[in-house]
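Comments concern the structure below.
The values are calculated or read from the model by the stated rules, or taken from the named source; none is laboratory data. All figures in this text were calculated on a predicted structure; none of them were measured in a lab. Cβ placement follows ideal geometry from the backbone for every residue including glycine, while neighbour counts extend to all protein chains displayed. Just the protein is used for accessible areas: all its heavy atoms, side chains included, with ligands, DNA and RNA removed. Shrake-Rupley method; radii C 1.70, N 1.55, O 1.52, S 1.80 Å.
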Amino acid sequence: MDAAAEFGQAAAVLRWFTDMQWLDKRIAIDCLQALAESAGVVDELGHDEVQRRVADAFAPTEMMEFDCDALLVMQWKLADPRDRWRRPGELPENRKTLPAKYRTPQSTVDAFKFIVRTGSADDLAAWLRRHPDDAPALVGLLEAA
């Protein structure tokens, strides 16, 4: 591989390091300049061509930076079981394993009190049969009174 091709690979690697924010762009460009001078790339291509290649290597590419960042964040979220549910739309782990505790609505309690005041024992028994989920809590209210 000739010096110009190796210089291009070195520029790509240093660009990646700067994109990952592991290396400051000024330091990366200084390293490329020193490499070009010591490897004879400046003698082979000329100073203007080396500068053009460095500028091309570090040209802004908004789409690439956005995609890399978004992909990295998505990978982190999918790897974390606490956040994995946000991407595919499944329920979170704690909502899958813990059923919601049922609570008798206040309107049902009010209706029960009305039936107790106005109805007969048969009406009350029929009403409780129509509300089997609420019956234990409502009978407890009746016993407490």
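Some notes on this structure:
- Failed criterion for Pro99 (all others in (1) within 30 Å of Ala135 (Cβ to Cβ); (2) within 37 Å of the chain's Cα centre (by Cα); (3) modelled with pLDDT of 85 or more hold): (3)
- Matching residues in the stretch 16-32 - criterion: being open to solvent by less than 80 Å² (accessible area, probe 1.4 Å) and more than 13 Å from Glu6 (Cα to Cα): Phe17, Thr18, Asp19, Met20, Leu23, Asp24, Ala28, Ile29, Cys31
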